[in-house]
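Just below is one structure, and these are the notes that go with it.
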Amino acid sequence: MSTLYRRGDSRYWWYKERIPGRRKPLYMSLHIEDKRLAKLRQQQLNRILTELRLPQLDWSFMPALERDAQLREIVFRVCADLGITLTLRANVTVEQALKEFEAYSVTKKTPKSHNTDWGRITGFLRWSGVVYLHEIRPSQIQDYFIHRVQNESVQKSTANHCFVALKAFLNWCIKREMLRENPANKVERFKVATVPQHYLKDAADIVRLLEAAKRLDRGMYPMVVAAVFTGCRLGELMALEWPDVDLDGRRVLIKDKPELGLRTKSGRLRVIPLHPDLAIVLRPMWRPFGFVFFPERKERKYTSPLYRRWKEIRKASGMPETTWYSLRRTFCSHLAMSGVSLLKIQVWAGHSDPRITQEHYAHLTPQYDPQIEQILHQNEAGGYDLVTFEPTVEKAETHYPLQDSGLAADDKWRGRRGSNPQPTARQAATLTN
């Protein structure tokens, strides 16, 4: 129960409220001299504090906070005292949130990624029929994806991809102070059996694929070789230009090219070492400018004819299950099996997070490292620095007089670690003699 009172000679009315779970009541000055206006403010605060104690807010008081700066300051001070995070952007409509997210997504994502995520997010919002963001419930999200799997014959893995896009959108709304919590956090994804990644495990498979490409399509052959020896994505190879290839310095530069509509997936510049076999293939094709592959084309996108030609090559090689992305996995997998560090693989592959590299390729690293055995043996000998991995000067053996006296085996003499035992009379007599 709240009360109004005046403190001492103060001309302002004070507000006092006892909150359950708190030892001390809540005190604050209303900065109002008129008692009638103070009672109106008291009623407003009582209603707001009642709503703040509810498990799910309806945010009906937010328009009043937007209009009244003094009330907003008081409520924010109360919420800070209670440990409640309050935002002004509460009654945000779905239409307004989508409008702001579209402007963000268009600038941050590629057109293909934006269109895919946009369809996944708007599909759920249309199905649920919610008007405000805070009306989204975990049960609605769960029911929507169950409906898609059971009634629309959507694969569980596809439903999981849609769920990830929706969850990312709601997290973005939280960062923009449109939501207090993400309802998708209380929803579990479908359990899907993991499919092992396909890649060319043997050198014979790589040679057979390259021979098929060289025999069937001379234009595709250099591109297939580049995909195997650089691990570049298809869009990165299609946008590769001759100024990005340094044949003498043996390196390939992958970067964003806004004029061509290319954005690398991680958004970072990376330099990949140029394999000698790839340099031999590219040197006769060198030009001072233009695209490296299919220079006769007028634009970067050339996917439809390319996929038809690639399908013929993999069919002729006897490996129809090999996709274009399998060549990228082949590059990273063989690096890992050769003992290359996962950090270098992450940089050359362009992974934004080292956990991606570790999850997909850590199991391919060699299980035995001879350097580890050498370090352990050297360390057991007492002369190996585990920081610099350099042998150190072997310490001279220290002899103690008790080692030859036969008293070193006496349990009474050893004591525990950190103790300073004193010799008994018999031990002292033995030492003097």
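The values are calculated or read from the model by the stated rules, or taken from the named source; none is laboratory data. What you see is a predicted model; the values in this text were computed from it and never measured. FYI the Cβ positions are ideal-geometry reconstructions off the backbone, even for glycines, and counts take in every protein chain you see.
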Could you give me the residue pairs with C-beta distances under 7 Å whose first residue belongs to segment 179-208 and is closer than 20 Å to I313 by Cα, whose second residue is of a type in the set (A, V, I, L, M) and part of a loop (DSSP other than H, G, I, E, B) wherever it lies, and which are 6+ apart or on separate chains?
-> D205/M319; I206/L200
Can you give me the number of residues within segment 267-287 that are assigned to a loop (DSSP other than H, G, I, E, B) and surrounded by 16 or more Cβ atoms within 10 Å (Cβ to Cβ)?
-> 2
Contacts under 7 angstrom Cβ, first residue in segment 232-259 being in contact (Cβ under 8 Å) with a residue 12 or more places away in the chain and closer than 16 Å to F294 by Cβ, partner in a loop (DSSP other than H, G, I, E, B) and polar (S, T, N, Q), 6 or more apart = E236/T264
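Just to be sure, is F293 assigned to a loop (DSSP other than H, G, I, E, B), loosely packed, with under 12 Cβ neighbours inside 10 Å and at pLDDT 75 or above?
Details: assigned to a loop (DSSP other than H, G, I, E, B): yes; loosely packed, with under 12 Cβ neighbours inside 10 Å: no; at pLDDT 75 or above: yes.
No; evaluated as a whole, the condition is false for this residue.
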All helices (runs of 4 or more DSSP H) inside segment 90-161 with 3 or more residues being touching a helix residue (DSSP H, G or I) at 6+ places or on another chain (Cβ under 7 Å) and more than 22 Å from M178 (Cβ to Cβ) = 138-151
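State whether the residues of segment 332-339 include one that is modelled with pLDDT of 85 or more, assigned to a helix (DSSP H, G or I), closer than 27 Å to L253 by Cα and touching a strand residue (DSSP E or B) at 6+ places or on another chain (Cβ under 6 Å).
no
Going by what's in this entry, would F229 be described as crowded, with 18+ Cβ neighbours inside 10 Å and in the same structural domain as R329 (by TED's automatic domain parsing)?
On the way: crowded, with 18+ Cβ neighbours inside 10 Å: yes; in the same structural domain as R329 (by TED's automatic domain parsing): yes.
Taking the combined requirement at face value, the residue satisfies it.
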Examine segment 288-303 for a residue that is touching a residue at least 60 places away in the same chain (Cβ under 8 Å), among the basic types (K, R) and closer than 19 Å to L234 by Cα, and state whether such a residue exists.
-> yes
Going through segment 239-262 in order, the residues found to be at pLDDT 85 or above, over 15 Å from P273 (Cβ atoms) and assigned to a helix (DSSP H, G or I) are W242, P243
A careful count of residues in segment 177-190 that are more than 12 Å from L133 (Cα to Cα) and exposed (fewer than 15 other Cβ atoms within 10 Å of the Cβ) gives 4
Does I48 qualify as being surrounded by 12 or more Cβ atoms within 10 Å (Cβ to Cβ), modelled with pLDDT under 65 and of a type in the set (V, I, T)?
-> no
